[in-house]
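Reading through the structure tokens given below for one structure.
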Amino acid sequence: MRCSLPKGLFDIIPHSLATEEEWHLSERWQYVEAILRSCARNYGFREIRTPIFEQTELFNRSVGESSDIVSKEMYTFLDKGNRSMTLRPEGTAPVVRAYIEHNLAHIPVIHKYFYIAPMFRYERPQLGRYRQHHQFGIETFGIPYPEQDVEVMLLLSECYKKIGLNNWSLVINSVGDEESRNAYKEALSHYFLPHLEQLSPESRLRFSRNILRILDSKDLNDQELISAAPSILDFLSQEASDHFLSVQKLLKKEKIPFIINPRLVRGLDYYNKTVFEIISTTSQKDKSLGGGGRFDSLVEQLGGAPTPSFGCATGLERIIQLLGEEKIAIPASLTPLLLFIPMGEEAFSLCFHLTCRLREKGFYVEIDLSKRKISHSLHLAEVEKARYLVVVGDREIDSGIIEIKEMATRTSDKISFDQLESYLRQKL
Ligand code: HAM
């Protein structure tokens, strides 16, 4: 029996015969990951890596029991010691756990962390939505000021720009503090109660479990009702309102366009004050490229000291799919500087030896080891995009002179075998 990939998963592979699998190419992933790492570095974020699974309790207590993630999407299992474990569905809670567990707050540095890591959610698979997806996430701790919110948004927008994506909008909102939210929930409850029968079954459930989540409903009937619902912005406390206004002022000052959507609540329970999402304006599919917000209570909720915090994450799959849709050219990541084509047994062992020596010196040199016809080797040189080509046969071995050909210009130089290393060094 041939085993195949479970539903909702995908491989990242260096080559593919199918054009719809272009976004699976590892070269594209490396391109995006390199930019994300370099932008994170430029903004002073340091890498944090946490395990792929955690105690289930961690996500129940942070993401929230009534969220879609906890209530229906987690990959939870009992380990052999009968403890409940969960493949991480998101990265914020594990980073907070690690921050508390390693007493990182006591180290007198700027607490800015990033990760690039797989996440697991048992969702209905579709384009842009997978059961294993990858996030670039950034989390900051200790700063309550709106500048922190804007620094994170700026880093994320810088990442998209550097990758070459220009068709997206920044959507922001404030979900206030607990006081604002309680007042707003009550107003929502008054508003939806007379319309309960008209709501979708999912939203009716949310009415009793977590009424804010009704605002997230994709049901068209619900959306009509939602559009006339009270706005959270009318219920913000003075402090939350001032904070939100400062965020807007800072974004304007930094020339980052934004849209305010008072219905934006996000699907995770730990947010307060500023929340935001980056929405693709190209993609017809799932449009949310990334999102995040302030989570000032989470560290305390998970057993640490009260710590203002702000962070966000963006999905790599969606970014890489957009590279294709927006026809963004990416540089080939692995091309040989030189390809040897040996003709005959003696040339084969000489070229193999030379390849090994040059690689030892740090040059990526390739050799066609297939012992097939020269036409095959020439074709390989084209597809592998080798910069130089050297054919070695009896004549070259007898004379000690080779012809090194530059593929792009079709020009060549004659040099001795001994000069090869210095020739390549000069050309780098
Ligand atoms: P999230 O909005 O649930 O936030 O996920 C962040 C991003 O991950 C989404 O915008 C989307 O691009 C991508 N994503 C989520 N689920 C899937 C999926 N099933 N398939 C493909 N891509 C997906 C969080 O996870 C928060 N931890 C973000 C955060 C960090 N907030 C504060 N700090």
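Quick notes on this structure:
- With Cα atoms as the point set, the radius of gyration and Dmax of the stretch 175-217 evaluate to 10.3, 30 Å.
- Segment LYS414..SER84, full-extension length gain: 112.0 nm, with 0.36 nm per residue of separation and the alpha-carbon distance subtracted.
- Calculated on the Cα set of the chain, radius of gyration then Dmax: 27.7, 95 Å.
- Computed from label points 7 Å out along Cα-Cβ, the spacing between GLU21 and ASP219 is 4.0 nm.
- Here the 3J(HN,Hα) profile of the stretch 114-131, calculated from phi with Karplus coefficients 6.51, -1.76 and 1.60 at θ = phi - 60°, is 9, 8, 10, 7, x, 10, 10, 9, 7, 10, 6, x, 7, 4, x, 9, 10, 8 Hz, Gly and Pro shown as x.
- At full extension, HIS379 and LEU233 could sit 46.2 nm farther apart than now, given 0.36 nm per residue minus the alpha carbon distance.
- Inter-label distance for LYS327 and SER422, nm, one decimal - labels placed 7 Å from Cα along Cα-to-Cβ: 4.7
- Summarising the label geometry, the points placed 7 Å from Cα in the beta-carbon direction at TYR145 and ARG372 lie 6.4 nm from one another.
- Length gained on full extension, TYR364 to GLU403: 12.2 nm, using 0.36 nm per residue less the C-alpha separation.
- Membrane-span-like helices in the chain, defined here as complete DSSP H runs extending at least 15 Å along the helix axis by their C-alpha atoms with mean Kyte-Doolittle hydropathy no lower than -0.5, are 146-163, 345-360; this is a sequence and geometry rule, not a statement about a membrane.
- Bins of 10 Å from zero: percent of alpha-carbon pairs in the stretch 324-428: 14, 48, 28, 7, 3, 0
- Within a Gaussian network of the chain (alpha carbon springs, distance under 10 Å), most fluctuating of SER377, SER84, SER38: SER377
- Virtual paramagnetic centre 7 Å along Cα→Cβ of ARG129, amide N under 18 Å, in the stretch 1-25: 7-10
Here, each number is a calculation from the coordinates, and none is a lab measurement. What you are looking at is a predicted structure, and each value in this text was computed from that prediction instead of being measured. Counting neighbours? That spans all protein chains shown, and the Cβs are built from the backbone with ideal geometry, glycine included.
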